[in-house]
Amino acid sequence: MPLSLTALNAFDRDGYLTQENAVSEESVQHILTKLSVFGQKSLPGHIREKNSSNYRAFHGCHLYDEDFAALIRNPQLLGPAKQLLKTDVYLHQLKVNLKQPFSGELWPWHQDYIYWRNEDQVPSDAIISVMIFLDEVNEFNGPLFFIPGSHEVGCVDTPKAKEAPEGWEGNVSASLTYQVDEALVTTLASKRGLFSAVGKKGTAVWFHGNLIHASPPNISPFERRIVILTYNAVSNAPIPSTTNQRPEFLNARNHDALQFI
Ligand code: SIN
Ligand code: MN
């Protein structure tokens with residue numbers, strides 16, 4: 001179903017939008033089955049937590065798996081992506097963030113677009129993500145926190161964090177490369193409050209590339225698995241570069257407009 005005008009306006013105002021029952025129980029189940037298979041192999045783009053051997057994330061699954069390839073073309077997701085960006089889109093990035101029981105580590109306060117701008121040369125911030133809940137996400141298992149409306153501050157230039165690992169690994173670790181400093185988070189959150197992105201399995205939450213967000217560790221005994229798809233306008237694809245390109249599982253090489261399945 002297309003997003004209503006009220007929903008589109010809410011996204012513009014808040015920088016995020018929740019859609020319940022966006023993905024069917026059956027599709028979620030197929031994806032969960034695939035994850036248990038991926039977990040048995042070490043594939044490119046699979047990364048582990050710093051302090052345990054548990055997987056933290058699987059990147060680029062749509063490049064080798066048909067259920068993920070179908071998910072990015074699912075009209076329930078591709079339709080709103082085209083509506084929100086008002087044009088044809090390609091998929092810039094896909095990741096499954098696993099946040100496993102007891103060991104899933106945090107994500108510090110950050111914006112996403114700075115990574116696509118600085119690392120991939122994506123020209124404008126008209127780029128959006130949608131996360132799909134593969135488990136119920138609640139206050140216990142490490143939900144994302146948003147600062148409502150914080151996308152309006154634009155892309156905040158931040159120096160590389162000293163403690164971040166070198167290279168692309170720093171872009172996906174608990175010691176992130178580009179973090180928003182605590183003073184700005186305090187100022188914005190004092191004015192605008194915080195929103196905790198929780199909901200049932202199959203819920204989709206859209207968020208703007210400049211929305212400031214973070215998530216706490218998962219110290220609960222329950223899994224918190226989500227898929228995050230990043231759609232970008234075809235016209236906003238990275239400026240071609242022959243040097244220092246991040247791997248394809250973080251920076252898509254195929255910028256063709258996606259078609260519905
Ligand atoms: C992200 O900010 O990209 C992911 C956060 C999370 O998985 O909790
Ligand atoms: Mn992020």
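Rule-based calculations on the coordinates, nothing more; no lab input. Keep in mind it's a predicted model, so treat the numbers as computed, not measured. With ideal geometry, Cβ positions are generated from the backbone for all residues, glycine too; neighbour counts draw on all protein chains shown.
Here is a list: LYS95, LYS99. Which entry is of a type in the set (Lys, Arg), surrounded by 23 or more Cβ atoms within 10 Å (Cβ to Cβ) and not in a loop (DSSP other than H, G, I, E, B)? Please lay out each step first, then the result.
On the way: LYS99 fails: not in a loop (DSSP other than H, G, I, E, B).
Matching residue, one of LYS95, LYS99: LYS95.
Every condition in (1) within 21 Å of LEU71 (Cβ to Cβ); (2) surrounded by 21 or more Cβ atoms within 10 Å (Cβ to Cβ); (3) within 14 Å of ligand 2 (Cβ to nearest atom) holds for VAL137 except the one numbered (3).
Of the strands (runs of 3 or more DSSP E) that lie entirely inside the range 1-85, not one contains 2 or more residues that are at negative phi, of a type in the set (Gly, Ala, Ser) and in contact with a Phe, Trp or Tyr (Cβ under 6 Å, 6 or more places away or on another chain).
Of the residues that make up the range 98-106, is at least one in contact with a Phe, Trp or Tyr (Cβ under 8 Å, 6 or more places away or on another chain) and within 12 Å of ligand 1 (Cβ to nearest atom)? Reasoning before the result, please.
So in the range 98-106, the residues in contact with a Phe, Trp or Tyr (Cβ under 8 Å, 6 or more places away or on another chain) come out as 98, 100-101.
With within 12 Å of ligand 1 (Cβ to nearest atom) added as a condition, the list becomes 98, 100.
Checked the range 98-106: at least one residue is in contact with a Phe, Trp or Tyr (Cβ under 8 Å, 6 or more places away or on another chain) and within 12 Å of ligand 1 (Cβ to nearest atom).
The sole residue among THR158, THR177 that is in a loop (DSSP other than H, G, I, E, B), within 15 Å of ligand 2 (Cβ to nearest atom) and surrounded by fewer than 23 Cβ atoms within 10 Å (Cβ to Cβ) is THR158.
When PRO148 is tested against (1) assigned to a loop (DSSP other than H, G, I, E, B); (2) out of contact with any strand residue (DSSP E or B) (no Cβ under 6 Å at 6 or more places or on another chain); (3) more than 14 Å from ligand 1 (Cβ to nearest atom), exactly one condition is not met: (2).
Counting only residues that are closer than 24 Å to GLY45 by Cα, give me the strands (runs of 3 or more DSSP E) lying completely in the range 181-261 with at least 3 of them.
Details: elements: 195-197, 204-208, 213-215, 226-233.
Passing ranges, in order: 204-208, 213-215, 226-233.
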